[in-house]
Amino acid sequence: MRLLGKQEIEDMAVGAALLGTGGGGDPYIGKLMALQTIEEFGPIRLLSIDEVPEDALVVSSGMMGAPTVMVEKAPSGQEAKAAFKTLEAYMGKEIFATYPIEAGGVNSMLPLALAAQLGLPVIDVDGMGRAFPELQMVTFYLDGISASPMVIADEKGNVNLLNTIDNVWAERIARAATIQMGGSVMFAIYPMNGRNLKESGIRNILQLEEGIGRTIRLAKEQNVNPIQEVLKLTKGFELFNGKVVDIHRKTETGFARGTATFEGLGNNKGEKLQLRFQNEHLIATTEQRLLCVTPDLIAVLDEETGLPITTEGLRYGARAVVIGIPCHPKWRTPKGIETCGPGYFGYDVEYVPVEKLAKKGALLG
Amino acid sequence: MSYRIGIDVGGTHTDAVILDKDYKVIAETKCATTEDVSSGIYRSMREVLAKSGVPREHIRFAMLGTTHCTNAIVERKRLNKIAIIRIGAPATLSVKPLIGVPDDLRKQLGKHVYILRGGHEFDGREIVPLDEEELIRIAQEMKGQVDSIALTSVFSPVSKEHELRAAEIIQDVLGEEVALSLSHEIGSVGLLERENATILNAAVVNVAKTTANGFIRALEEEGIHAKVFFGQNDGTLMSVEYAVKYPILTVACGPTNSIRGASYLAGLSNALVVDVGGTTTDIGVLINGFPRESSLAVEIGGARTNFRMPDLVSIGLGGGTIVRLQEDGSFTIGPDSVGYRLPEKGLVFGGDTLTATDIVVALGKAQLGDPSKVSHIDRPLLECIYERMVEMVEAAIDKMKTSAESVPVILVGGGSILLPDKMTGASQVIRPDHFGVANAIGAAIAQISGQVERVFSLDELGREKTLDLAKEIAVSEAVAAGADPDTVEIVDIEDVPLAYLPGNATRIRVKAAGKLDAALEQIDH
């Protein structure tokens with residue numbers, strides 16, 4: 001077990017923004033909640049997955065709904081407690097610990113804040129190793145683990161326990177209830193035992209998050225290039241160095257979809273990169289070559305500070321380095337690629353691992 | 001003939017101008033900004049009056065753009081004793097007020113913090129009713145303890161009902177003595193950022209009061225009985241009464257004044273404005289005669305806020321920027337500066353520090369001081385340094401553009417002699433007359449505005465008619481504030497549909513602005 005203080009949380013928030021690959025919601029409010037929790041309850045307990053007993057009940061916590069609602073009507077802190085209590089009563093078993101469903105964006109930070117309020121430790125594991133937009137896009141789904149029974153709770157004291165036939169129905173019913181409950185709720189979801197979490201979850205992901213943030217912070221202090229340091233740590237690849245020259249956005253079926261065009265600088269002078277996103281960055285190509293594609297991670301880092309830039313933060317003139325990071329091997333299985341590969345998001349491209357693309361580059365047909 | 005005096009306080013200089021009724025510049029002056037700010041203001045005022053020779057009784061208006069409030073926040077000095085009241089429990093308890101704000105500011109402002117039940121949902125429903133009893137208890141507890149209160153309720157930009165009711169209750173208990181700052185009048189959606197802006201506002205109410213009273217008294221001592229206005233950061237004016245209620249709106253009015261002044265001097269409504277001062281170069285975007293507003297949260301004194309602010313990029317390059325030459329032939333430019341001490345520190349003025357000004361003098365691009373003091377510097381090196389300086393500005397210009405197309409660039413500020421007549425990204429470079437005091441001119445010619453921001457249901461009237469209604473309200477607000485009805489124009493419209501809501505609910509914001517009502521100029525004091 002490790003204890004997390006304020007500096008660790010600050011670092012993790014930076015790593016969460018990077019693993020959010022442009023989307024996932026701003027970790028900022030989650031970070032503030034975690035910092036307040038530390039002030040009130042002391043350091044947050046972080047467990048390695050090996051410290052979790054095989055038969056222990058573990059449950060993911062986080063938020064569902066519109067992040068813009070949450071930044072105005074911030075959580076009370078009681079929602080998660082109510083959700084966890086309800087789930088415990090229903091399952092007839094005490095919950096041992098909580099864990100984040102995704103390592104990117106706001107939901108990576110919330111379990112850290114909620115854990116101390118719940119009096120529970122957080123497990124260093126998640127279900128994505130990054131951020132994705134839909135509830136079934138988790139390694140647990142690949143392994144046949146159900147999101148139900150799940151609970152959503154609001155600050156007023158309303159609690160909904162859902163038992164759905166599959167995860168698509170969970171998404172549909174919970175979404176409708178969320179709007180009635182005020183647009184932003186806390187959830188307790190994907191309950192499972194320690195053994196399943198060990199097999200299905202992505203390990204040491206919070207440690208990686210923290211490492212990314214710390215690396216960027218220390219690079220600034222020591223005057224070294226933060227991006228090169230991040231690439232070493234994440235085993236990632238520099239895809240493109242350039243300047244944003246055009247952004248095209250449209251809102252489609254509730255998602256912010258769009259394309260950003262970068263003009264090359266330095267080694268990439270004369271080339272153009274197209275980055276397509278749907279909340280998260282999904283595919284990076286030049287005119288001739290595929291550079292990186294989902295489920296591998298694509299992050300845009302500020303050329304100077306090394307800090308990640310979100311899709312909303314992309315503006316004309318931003319100078320950035322686009323990097324690619326290999327996703328967890330579970331996403332590279334046939335079912336993984338079917339669930340969140342390029343085809344699922346509507347791109348007619350074969351998935352090729354980023355490390356292969358970085359070596360030779362695949363010509364676009 | 002009636003005249004107006006415009007004063008703008010910058011980091012290095014305090015500038016003053018006197019304009020006639022047709023905005024013609026009668027006199028201009030530059031004085032060093034003083035540590036207390038006020039004495040610099042009074043000095044520049046007396047100087048410009050003396051230069052102009054205008055009869056004092058003919059000065060009808062006095063406009064002041066000042067950094068008093070910003071300085072108070074940054075220096076943590078002269079701040080009010082405040083209470084922070086948030087209406088939002090049981091929601092929001094997981095992020096208490098001032099979390100994420102620097103510790104020293106938090107310690108100073110966080111002595112009386114309350115969160116009570118109330119607030120609204122995103123669609124205007126009550127989360128829970130306002131806890132009036134608790135509010136009365138809190139108000140009684142605060143009696144004699146605080147001189148200013150920051151009041152924020154959840155989703156008050158959608159429904160201000162609980163903030164208004166709470167203000168009523170507090171005033172019933174505490175009377176009119178205690179100043180109230182209501183968040184819906186200051187910021188937009190985003191609880192913590194709006195709350196921070198409201199807290200900072202409450203904290204500088206007395207600073208604004210003292211500044212206003214001091215300015216009015218200084219004018220009177222000079223025999224001037226003018227109507228006094230404060231510049232706010234959207235490029236329009238506010239009355240003294242309003243400025244004392246919402247002093248936070250004076251933050252960043254300086255760059256805004258430069259942008260507005262540049263627009264007037266160059267006769268352009270759409271351009272980039274590059275303002276080169278002694279320490280920094282600020283670049284802003286002029287759209288339809290007003291500065292583009294930032295869409296991101298802006299930190300003030302380390303606190304994240306979300307009220308409207310001009311979108312600016314600032315780089316560490318100005319007339320006093322220090323240039324350092326290394327033994328190996330390399331060099332660095334800034335980011336530090338000799339600032340207002342340029343006339344004694346710069347080499348061409350007989351000083352001991354190589355500055356950006358010395359570089360342009362050495363290259364013969366400006367005639368200042370004694371060029372022989374810099375004739376020893378190697379010419380190719382000078383050219384390298386100059387090229388790098390221009391590149392710094394060109395990169396910043398590029399960041400502020402919204403597309404790859406070249407745009408007109410207006411150069412203002414005393415340091416603009418640093419820059420050439422051709423720059424990458426600029427379709428033309430304009431150096432208007434009086435460029436050195438564009439900020440004071442911007443303050444003097446600022447307009448009176450009116451604004452409406454409300455959630456409308458489009459189902460009732462349809463989009464067009466609803467927008468027309470909102471425009472009418474904004475225009476009448478501007479006229480009520482003292483704008484000439486014949487000159488009022490709509491300067492900004494924003495309509496944001498609110499997702500999930502029945503009735504096609506849309507948040508509409510319209511801003512109208514016009515010249516000061518000429519009728520006001522006739523009033524004899």
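The values are calculated or read from the model by the stated rules, or taken from the named source; none is laboratory data. These numbers were taken from a predicted model, which means no experiment stands behind them. Virtual Cβ from ideal backbone geometry, glycine too; neighbours counted across all protein chains shown. Each accessible area value is taken on the protein alone, full model and side chains, heavy atoms only, with ligands, DNA and RNA left out. Shrake-Rupley method; radii C 1.70, N 1.55, O 1.52, S 1.80 Å.
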- Message: Being within 11 Å of chain A (Cβ to nearest Cβ), open to solvent by 20 Å² or more (accessible area, probe 1.4 Å) and modelled with pLDDT of 95 or more is the filter here; which residues of region B:112-125 pass it?
- Response: B:ILE115, B:ARG117
- Would you be able to tell me the number of residues in region A:34-87 that are buried (at least 20 other Cβ atoms within 10 Å of the Cβ), over 21 Å from A:ALA16 (Cα atoms) and among the hydroxyl-bearing types (Ser, Thr, Tyr)? 1
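Residues checked against (1) part of a strand (DSSP E or B); (2) surrounded by fewer than 24 Cβ atoms within 10 Å (Cβ to Cβ); (3) outside the structural domain of B:GLY190 (by TED's automatic domain parsing); (4) in contact (Cβ under 8 Å) with a residue 24 or more places away in the chain:
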| position | (1), (2), (3), (4) |
| --- | --- |
| B:PRO255 | no, no, yes, yes |
| B:ARG260 | no, no, yes, yes |
| B:TYR264 | no, yes, yes, yes |
| B:ASP275 | yes, no, yes, yes |
| B:GLY278 | no, no, yes, yes |
| B:VAL285 | yes, yes, yes, yes |
| B:SER295 | no, yes, yes, no |
| B:GLU299 | yes, yes, yes, no |
- Message: Cβ-Cβ distance below 8 Å, separation of 6 or more or different chains: which pairs start in region A:156-171 with a residue that is more than 14 Å from every other protein chain (Cβ to nearest Cβ) and assigned to a loop (DSSP other than H, G, I, E, B) and end on one that is at pLDDT below 95 and open to solvent by 80 Å² or more (accessible area, probe 1.4 Å)?
- Response: none
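Taking B:THR34 as the residue in question, decide whether it is part of a loop (DSSP other than H, G, I, E, B), more than 14 Å from chain A (Cβ to nearest Cβ) and either touching a residue at least 60 places away in the same chain (Cβ under 8 Å) or of a type outside the set (Lys, Arg) (or both). If you could, list the steps in order and put the result at the bottom.
Details: part of a loop (DSSP other than H, G, I, E, B): yes; more than 14 Å from chain A (Cβ to nearest Cβ): yes; either touching a residue at least 60 places away in the same chain (Cβ under 8 Å) or of a type outside the set (Lys, Arg) (or both): yes.
Yes; evaluated as a whole, the condition is true for this residue.
Tell me which residues, restricted to region B:4-18, are assigned to a strand (DSSP E or B) and either of a type in the set (S, T, N, Q) or surrounded by fewer than 23 Cβ atoms within 10 Å (Cβ to Cβ) (or both).
Result: B:THR14, single match.
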- Message: Just to be sure before I move on: is B:LYS81 modelled with pLDDT of 95 or more, open to solvent by 60 Å² or more (accessible area, probe 1.4 Å) and more than 14 Å from chain A (Cβ to nearest Cβ) in the structure I sent?
- Response: yes
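Yes/no per residue for (1) open to solvent by 60 Å² or more (accessible area, probe 1.4 Å); (2) part of a helix (DSSP H, G or I); (3) at pLDDT 95 or above:
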position: B:ASP328; (1), (2), (3): yes, no, no
position: B:ALA366; (1), (2), (3): no, no, no
position: B:GLU383; (1), (2), (3): yes, yes, yes
position: B:GLY415; (1), (2), (3): no, yes, no
position: B:SER427; (1), (2), (3): yes, no, yes
- Within region B:348-364, track down each residue that is farther than 19 Å from B:GLY277 by Cβ and crowded, with 17+ Cβ neighbours inside 10 Å. B:ALA362
- Positions within region B:128-164 being at pLDDT below 95, among the hydrophobic types (A, V, I, L, M, F, W, C) and in a loop (DSSP other than H, G, I, E, B), in sequence order: B:PHE155, B:VAL158
- Here are A:ILE95, A:ILE152: which of them is at pLDDT 95 or above and surrounded by 22 or more Cβ atoms within 10 Å (Cβ to Cβ)? A:ILE152
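If you go through region A:309-344 one residue at a time, how many are among the aromatic types (Phe, Trp, Tyr) and either touching a strand residue (DSSP E or B) at 6+ places or on another chain (Cβ under 6 Å) or in contact (Cβ under 8 Å) with a residue 60 or more places away in the chain (or both)? If you could, list the steps in order and put the result at the bottom.
Keep residues of region A:309-344 that are among the aromatic types (Phe, Trp, Tyr), which gives A:316, A:331, A:344.
From what's left, either touching a strand residue (DSSP E or B) at 6+ places or on another chain (Cβ under 6 Å) or in contact (Cβ under 8 Å) with a residue 60 or more places away in the chain (or both): A:316, A:331.
Number of matching residues: 2.
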- For region A:88-96, state whether one or more residues are part of a helix (DSSP H, G or I), among the hydrophobic types (A, V, I, L, M, F, W, C), more than 22 Å from the chain's Cα centre (by Cα) and away from chain B (no Cβ under 14 Å). yes
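How about region B:34-69: which of its residues are β-branched (Val, Ile, Thr) and open to solvent by less than 30 Å² (accessible area, probe 1.4 Å)?
Quick first cut of region B:34-69, residues β-branched (Val, Ile, Thr) only: B:34, B:37, B:41, B:48, B:54, B:59, B:66-67.
Across region B:34-69, the qualifying residues are B:VAL37, B:ILE41, B:VAL48, B:VAL54, B:ILE59, B:THR66.
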